[in-house]
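**Student:** Pasting in a structure now, in structure tokens, and then I'll have a few things to ask.
The values are calculated or read from the model by the stated rules, or taken from the named source; none is laboratory data. Remember, predicted model here, so these are calculated numbers, not experimental data. In this analysis, Cβ positions are derived from the backbone assuming ideal geometry, glycine residues included, and neighbour counts consider all displayed protein chains.
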Amino acid sequence: MTRSLALRLTQSPSRGFVTVILLLGTFAGSWAFIFGRMAQLENIPTSAIIAFRMVLGTLMLTPLVLRRHGDELRQLNGNDLLFAGGAGFWLALHLILGFSSLEHTSVLVSTMLVGMSPLWIALAEATLLRTRLSQLVWIGLFLTLSGSTIIALASGRDFALGDNPGLGILLCIGASLAGAAYAISGRSSRKKMSFLPYLWLVFLLGSIVSLLLVTVTHAPMTGFSGKGYLALILLTIFPQVIGHLVFNYALRHLPATYCSVIGQTGMIEAGILAMLLFHEVPGPLLIPGSIAVIVGITLVNLAKTRGD
């Protein structure tokens, strides 16, 4: 069965098959903050969580990348490495701020607000690149901002969601901005190299950034409980490696709009998982706010992919 699946992945798969793979990958990615919360509950510092995730992800990809893409890596120039390095820095910052927000607010709030990166990308293109945004994009931006405002107002004073929801919200916004910078900085590199070498370089340079943070903060990397190590391993295998690989595999065979819309379901899945596992029941305003954010981001992705 494994051999049959590998054969289908290397051939031209059907739309239905890729959709199923994408749904499974999205579900794997939705566990990111869940496993992160589990690790934090085992008293693992956030900087150590990110460093472990980045380093282990790099080590998992290294044999495959060096064996299949060694020639491609040797042909990269300084600019290619610079852009990939920039992407690695922003990815590490995105993860550090996003997981730090979990220390102060709920999984649902973190997931929704950290996922607003498409909003900042569209605004950056409009202001810095003078890109003219379509009406559909503006509607999506309005819904996303409105939804995020509702979430912030609804959770900002709800200390049942964390010890400092206001700080958690600020960290979420910072994480979404870093996520937008990660996406923008990696565009030129993704055009010049295959996905796996690019992802490996991003993970490698992100590992360096996260290890530097561990050194500065004197965070321990050992001495955790068995449950803590299990959470770190699962965080790396599912959201870090499988989630990234599956989504980018799907992008090679399906329209980006289709992938983006399905990808938004991960936000809903994360909120449901947090409610079931951590009893984080959303308040009455968090649900409509979350719906507005999801619809808004989807509209932005739809319009941008169509070139509107």
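**Student:** Could you list, in sequence order, the residues of the stretch 135-155 that are surrounded by fewer than 24 Cβ atoms within 10 Å (Cβ to Cβ), closer than 12 Å to Leu123 by Cα and over 21 Å from the mean Cα position of the chain (by Cα)?
**Tutor:** Trp138, Phe142
**Student:** Related question: What do you reckon, is Ile139 more than 20 Å from Gly283 (Cβ to Cβ), at pLDDT below 85, of a type in the set (Val, Ile, Thr) and in a helix (DSSP H, G or I)?
**Tutor:** Considered against the rule, which asks whether it is more than 20 Å from Gly283 (Cβ to Cβ), at pLDDT below 85, of a type in the set (Val, Ile, Thr) and in a helix (DSSP H, G or I), Ile139 comes out as no.
**Student:** Here's a follow-up. Filter the stretch 84-110 down to the residues that are of a type in the set (A, V, I, L, M, F, W, C), within 19 Å of Met267 (Cα to Cα) and assigned to a helix (DSSP H, G or I) and list them by number.
**Tutor:** Those that are of a type in the set (A, V, I, L, M, F, W, C), within 19 Å of Met267 (Cα to Cα) and assigned to a helix (DSSP H, G or I): Leu91, Leu95, Ile96, Leu97, Phe99, Val107, Leu108, Val109.
**Student:** For the stretch 37-44, does any single residue satisfy the condition of being surrounded by 23 or more Cβ atoms within 10 Å (Cβ to Cβ) and in contact with a Gly (Cβ under 9 Å, 6 or more places away or on another chain)?
**Tutor:** Among the residues of the stretch 37-44, at least one is surrounded by 23 or more Cβ atoms within 10 Å (Cβ to Cβ) and in contact with a Gly (Cβ under 9 Å, 6 or more places away or on another chain), which makes the answer yes.
**Student:** Of the residues Leu91, Leu108, which is modelled with pLDDT under 90, under 30 Å from Leu286 (Cα atoms) and out of contact with any Cys (no Cβ under 8 Å at 6 or more places or on another chain)?
**Tutor:** Only one candidate passes the filter, namely Leu108.
**Student:** How about the stretch 77-91: which of its residues are buried (at least 18 other Cβ atoms within 10 Å of the Cβ) and not small (Gly, Ala, Ser)?
**Tutor:** Answer for the stretch 77-91, where residues must be buried (at least 18 other Cβ atoms within 10 Å of the Cβ) and not small (Gly, Ala, Ser): Asp80, Phe83, Phe89, Trp90, Leu91.
**Student:** I'm checking my understanding of the structure. Among residues of the stretch 143-157 that are farther than 16 Å from Thr298 by Cβ and in a helix (DSSP H, G or I), which one is modelled with the lowest pLDDT?
**Tutor:** Among those that are farther than 16 Å from Thr298 by Cβ and in a helix (DSSP H, G or I), it is Ser155.
**Student:** With the condition kept exactly as written, say whether any residue in the stretch 262-281 is in contact with a helix residue (DSSP H, G or I) (Cβ under 7 Å, 6 or more places away or on another chain), modelled with pLDDT of 80 or more, on the phi < 0 side of the Ramachandran plot and in a loop (DSSP other than H, G, I, E, B).
**Tutor:** Yes: one or more hits.
**Student:** Which of (1) of a type in the set (D, E, K, R); (2) modelled with pLDDT of 90 or more; (3) touching a helix residue (DSSP H, G or I) at 6+ places or on another chain (Cβ under 7 Å) does Arg67 not meet, given it meets every other one?
**Tutor:** (3) is the only condition that Arg67 fails.
**Student:** May I ask you to verify whether Leu235 is in contact with a Lys or Arg (Cβ under 9 Å, 6 or more places away or on another chain), in a helix (DSSP H, G or I), more than 20 Å from Ala180 (Cβ to Cβ) and at pLDDT 85 or above?
**Tutor:** Considered against the rule, which asks whether it is in contact with a Lys or Arg (Cβ under 9 Å, 6 or more places away or on another chain), in a helix (DSSP H, G or I), more than 20 Å from Ala180 (Cβ to Cβ) and at pLDDT 85 or above, Leu235 comes out as yes.
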